[in-house]
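*Asks:* Sending over a structure as structure tokens; questions will come in a sec.
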């Protein structure tokens, strides 16, 4: 009887450890930023998954006063990076929005702002 319980416990522990490893490998790491070089906005975003088979789709949107100035999109497996520039006006505050999805499931959008 003890042997049976020990065997069942071992199987359950193995199943739980595989489930935890699968969850950990699907942690998504989004990172993005907006900076300026003179009157050029530098827009950067990257989204990385711990699982190289995750399909990632990402869009960066540069806005001024809620109006979209430009957007850039890319998709791939495991990691996606976008790095683009856009001419801007000194003294204005711009917003960069990052939208992304993993395996077709949209995630909460992120945004930041900076003044040129």
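Bear in mind that the values in this text are calculations on the coordinates, not laboratory data. Not measured: the values here are computed from a predicted model. Reconstructed Cβ throughout: ideal geometry from the backbone, glycine too, with neighbour counts over all protein chains shown.
*Asks:* Being part of a strand (DSSP E or B) and surrounded by fewer than 14 Cβ atoms within 10 Å (Cβ to Cβ) narrows it down to one of 101, 53, 73, so name that one. Break it down into steps so the answer makes sense when it comes.
*Replies:* Numbers: 101 fails: surrounded by fewer than 14 Cβ atoms within 10 Å (Cβ to Cβ); 53 fails: part of a strand (DSSP E or B).
Exactly one of 101, 53, 73 is part of a strand (DSSP E or B) and surrounded by fewer than 14 Cβ atoms within 10 Å (Cβ to Cβ), namely 73.
*Asks:* Tell me, which residue of segment 76-98 that is over 20 Å from the mean Cα position of the chain (by Cα) and not in a loop (DSSP other than H, G, I, E, B) is surrounded by the fewest Cβ atoms within 10 Å (Cβ to Cβ)? Let's see the steps before the verdict.
*Replies:* Looking only at segment 76-98, we keep the residues that are over 20 Å from the mean Cα position of the chain (by Cα), and these are 86-94.
From the residues that got through so far, the ones that are not in a loop (DSSP other than H, G, I, E, B) too are 86-87, 93-94.
Working: 86: 15, 87: 10, 93: 12, 94: 21.
Residue satisfying both the conditions and the ranking: 87.
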